[in-house]
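Structure record follows, encoded as structure tokens.
Bear in mind that the values in this text are calculations on the coordinates, not laboratory data. Computed from a predicted model, the values in this text were never measured in an experiment. For neighbour counting, all protein chains shown are included, and Cβ atoms are generated from backbone atoms with ideal geometry for every residue, glycine included.
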Amino acid sequence: MLLSSKRLTHASDLSYDFSNKNTLKYQEYKIIQPIKSLKKEAFFTPLAADSGTMWEDGISTDWVGRLIETVTNISLAYYLQKPIFIPIGMHNADFKITDDTAKRFNNIHVRNEQGKISATNHVAEQNGEIEEAGGGLYSTCCDFSRLIQMILNKGQGKFGKMLNAEMVELMPQNVIGPLRVKKSKQPYLISQMILRCFPMLIGTWRLGFMIKRRLANQQAVLHGED
């Protein structure tokens, strides 16, 4: 059984079909829908490697969300309200696009293989069997700024305490040891572009965020430490 700690740090070696060609081949061979389909079957793909041996952008966080829904027997969106959304003041955060948010919805932009960026009419699946913890949450810039402010305020949200100060102090630390964030081999995918930012720096992982480190002296950007 995979350890939850490895799921939380993307070191479980569970992968996405768009980031790992072998996972894509397996899904095509077994006729398994990808995670974006919001089908439960999307979780049943093999490990890309032995758990804990490499960092892999994949369905680790989606598994955490699925575990929460299974244990609590409630939807992920409802579960996240009291401990996270309400204290922070994230009033617009949801896994579903409402009529109100649809009016303010910004087009998703992608970069094609030639490097050109263009707008799309893409809207994620809305009526699936699960809520996608790894990338299915919709919100606003205002809500996201309140999340960042909570971290800067050592866990204090606009309407209450979300994290204790000790947990916030742990957030900048590298939690994957000698493992390194893999560079994308598919640079045209918008979901992978963040992994290619600042290519002269190497990437490690902290609790919820990537750390970029200098190659010369290994000094962590954003004060991340081993």
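Return the loop-located chymotrypsin sites (Phe, Trp or Tyr not before Pro) in the stretch 34-120 (DSSP other than H, G, I, E, B) with at most 15 other Cβ atoms within 10 Å of their own Cβ; answer none if there are none.
Working: sites: 43, 44, 55, 63, 78, 79, 85, 95, 105; in loops: 44, 55, 95, 105.
Sparse-neighbourhood loop chymotrypsin sites (Phe, Trp or Tyr not before Pro): 44, 105.
Taking the alpha-carbon centroid of each part, what is the distance from the stretch 67-130 to the stretch 135-184 in angstrom?
Here the two parts' Cα centres lie 18 Å apart.
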